[in-house]
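Below is one structure, written out as structure tokens, with a few remarks after it.
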Amino acid sequence: MLAIPEWNGDVQAARELQRELAKGVIVRDDFPRPLRTVAGLDVGFEKDGAITRAAAVLLDADTLEVIDQQIVRIPTRMPYIPGLLSFRELPALLPALEALARTPDLVMIDGHGIAHPRRLGIAAHFGVITGLPSIGVAKSVLVGAARPLHDTRGAHTPLRDKGEQIGWILRSKPGCLPLIVSPGHRVSMAAAPELVMRFATHYRLPEPTRLADRLASRRDERRHRPEAG
DNA sequence: GCGACAG
DNA sequence: ATCTTGTCGC
């Protein structure tokens, strides 16, 4: 049901599945208007990589207030292989999303959307199997090239591969390395950078991804506690 | 054959 | 991703 088979070491089969799933990716705006909630997803590792820890943070789209946050830990099943990141991280991210108090209107994921060799980065993969609108927000390029970027907040230039635009290089914060933003599912090429900037305050990463990043990589073993005072 | 290569 | 303190720069 998850469209993610147990890892059997078959890289070729995984790539073929990506080409198949990529056909279902919708790159046009088809998300709730106005947006009520946004979620940020990211993954971290514990025990020398033996444990995969996924973090999901749900925010109010207008106030950026944190509504809920969840952490899910599972044994790591697969090694990191460039281009196959989603097979390694989605098994932990999906239950983390399910654990949230509400299903978000939009999901921002640490990694690429369609800015991928077979146009199915983790954000796109996540989108097609959950049906939720998604955007990929990565910190480095996997594939493609772009022209130099102005050091102005919000400046963005197309990321291209094989003659087609697959995403954008976005300067979310002056003086900082740019982000690589690409549509995941049900979000248009033009809307992707606008949405990321809408949720970016004074940090390089937009709030959804920044908070999930913090949760996923914290050194302590705590689980979030429902604060009583 | 030789590099590049999300996290 | 992760191992890790101080340090450089706006």
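The values are calculated or read from the model by the stated rules, or taken from the named source; none is laboratory data. All of these numbers come straight from a predicted model, not from anything done at the bench. Heads up, the Cβs are rebuilt from the backbone with ideal geometry, glycines too, and the neighbour counts pull from every protein chain shown. Note: accessible area is taken over every heavy atom of the protein model, side chains too, but ligands, DNA and RNA are not part of it. Shrake-Rupley method; radii C 1.70, N 1.55, O 1.52, S 1.80 Å.
Is there a residue being of a type outside the set (A, V, I, L, M, F, W, C), away from DNA strand B (no atom under 15 Å from the Cβ), closer than 22 Å to residue A:208 by Cβ and open to solvent by 40 Å² or more (accessible area, probe 1.4 Å) anywhere in region A:7-14?
Taking every residue of region A:7-14 in turn, none turns out to be of a type outside the set (A, V, I, L, M, F, W, C), away from DNA strand B (no atom under 15 Å from the Cβ), closer than 22 Å to residue A:208 by Cβ and open to solvent by 40 Å² or more (accessible area, probe 1.4 Å).
Mind checking whether some residue in region A:177-191 is farther than 28 Å from residue A:68 by Cα, among the aliphatic types (A, V, I, L, M) and either within 14 Å of DNA strand B (Cβ to nearest atom) or more than 19 Å from the chain's Cα centre (by Cα) (or both)?
Yes: one or more hits.
Per-residue answers, yes or no, for (1) more than 18 Å from residue A:27 (Cα to Cα); (2) within 15 Å of the chain's Cα centre (by Cα):
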position: A:83; (1), (2): yes, yes
position: A:98; (1), (2): yes, no
position: A:127; (1), (2): no, yes
position: A:135; (1), (2): no, yes
position: A:152; (1), (2): yes, no
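For every residue, the table says whether it meets (1) open to solvent by less than 40 Å² (accessible area, probe 1.4 Å); (2) touching a strand residue (DSSP E or B) at 6+ places or on another chain (Cβ under 9 Å).
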| site | (1), (2) |
| --- | --- |
| A:21 | yes, no |
| A:29 | no, no |
| A:47 | no, no |
| A:50 | no, yes |
| A:64 | no, yes |
| A:89 | yes, yes |
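Does region A:131-140 contain at least one residue that is β-branched (Val, Ile, Thr), at pLDDT 95 or above and either open to solvent by 60 Å² or more (accessible area, probe 1.4 Å) or within 16 Å of DNA strand C (Cβ to nearest atom) (or both)?
Yes - at least one qualifying residue is present in region A:131-140.
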